[in-house]
Amino acid sequence: MHGQPERYVEGLPRPGRCLVMGVLNVTPDSFSDGGDYLDRDAAVHHGLALRGHGADLVDVGGESTRPGAERPSEVEELRRVLPVVAALVEEGLVVSVDTMRASVARAAVEAGARIVNDVSGGLADPAMLATVAELDVAYVLMHWRAHSVTMQQHTDYDDVVEDVADELSRQLDAAVAAGVASERIAIDPGIGFSKTADQNWEVLARLDRLHALGRPVLVATSRKRFLGHLLADEDGTLRAPKERDAATSATSALAAAAGAWCVRVHDVRSSADAVRVAARWRPGNADG
Ligand code: PMM
């Protein structure tokens with residue numbers, strides 16, 4: 001499995017450029033869009049708009065993972081997510097479910113989701129990896145150390161790039177050992193999860209180290225706090241989350257140019273443009 005970077009995940013679109021995954025949070029408390037799409041119709045409407053703006057995939061999540069967030073119950077998560085997944089699948093979208101729970105992953109896949117996006121990379125729910133193996137769907141496996149309530153207490157690394165790569169490699173081995181087909185797996189360094197702002201930038205500057213793990217890499221920087229720090233006012237006030245989209249499209253272009261397989265973003269239009277620019281920039285890629 002470890003060797004040349006793979007460019008594709010089996011069973012997902014292959015447009016010849018970095019994919020764009022649109023974020024659809026059906027939560028009251030996500031950091032940038034919490035409460036915006038809690039109502040089912042508003043959520044479905046937004047999912048369709050994301051496709052219209054150029055999303056290749058739409059990622060539906062019912063649990064906020066912002067630092068300090070409390071978890072919803074399983075019943076509540078299912079109630080938020082399932083009707084939205086089903087309605088978007090019905091409309092022909094490629095839907096991913098953002099969940100750490102095997103039961104939610106299973107129900108969403110039964111409703112038509114084609115990707116399980118597990119920010120815990122199989123570590124939060126002992127049933128997750130076997131469930132994904134059985135469902136035989138695509139799996140986004142993220143670097144993760146702890147639930148959101150405590151994750152910012154877990155930012156000790158000897159070398160953040162090497163340690164994230166090693167921990168991801170172990171998570172990847174566990175997934176494959178549980179029967180998940182390696183061609184179905186993408187990896188994700190988990191920007192903002194158990195990482196300081198500086199550590200996020202270090203990881204982003206070394207995506208080559210993650211590519212050495214041999215799987216496509218998803219990069220999710222959208223509107224995250226480290227961008228708010230970068231763009232802070234002189235008095236130290238962070239740039240507000242919804243004012244971080246221009247910076248996000250810059251990270252999307254840079255990630256795509258560095259070989260990322262997919263970027264996960266809230267403002268799809270600007271990042272869809274950015275990944276097209278990155279593709280066209282490559283020598284000899286006139287069709288990008
Ligand atoms: N970040 C958030 C949620 N889901 N999924 C993946 N694969 N990678 C991430 O970095 C990630 C994620 C953070 O919350 P948001 O939905 O408000 O962006």
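The values are calculated or read from the model by the stated rules, or taken from the named source; none is laboratory data. If you're wondering where the values come from, they're calculated on a predicted model, not measured in any experiment. Reconstructed Cβ throughout: ideal geometry from the backbone, glycine too, with neighbour counts over all protein chains shown.
To keep it simple, each residue is scored yes or no on (1) more than 15 Å from the ligand (Cβ to nearest atom); (2) closer than 30 Å to residue 16 by Cβ.
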position: 50; (1), (2): no, yes
position: 128; (1), (2): no, no
position: 145; (1), (2): no, no
position: 154; (1), (2): yes, no
| task | Can you tell me which residue within the range 187-207, out of those that are among the charged types (D, E, K, R) and within 11 Å of residue 163 (Cβ to Cβ), is farthest from the ligand (Cβ to nearest atom)? | result | 202
| Residue in the range 127-143 that is surrounded by the most Cβ atoms within 10 Å (Cβ to Cβ), counting only those that are over 12 Å from the mean Cα position of the chain (by Cα) and in contact (Cβ under 8 Å) with a residue 40 or more places away in the chain | 132
| task | Scan the range 56-63 and give yes if some residue there is within 12 Å of the ligand (Cβ to nearest atom), of a type in the set (D, E, K, R), modelled with pLDDT of 95 or more and within 24 Å of residue 273 (Cα to Cα), otherwise no. | result | yes
| message | Residues that are among the small types (Gly, Ala, Ser) and without any contact (Cβ under 8 Å) to a residue 60 or more places away in the chain: list the helices (runs of 4 or more DSSP H) wholly contained in the range 181-288 that include at least 3 such residues. | response | 245-257
| task | Report yes if some residue within the range 118-126 is at positive phi, within 16 Å of the ligand (Cβ to nearest atom), within 16 Å of the chain's Cα centre (by Cα) and not aromatic (Phe, Trp, Tyr); otherwise report no. | result | yes
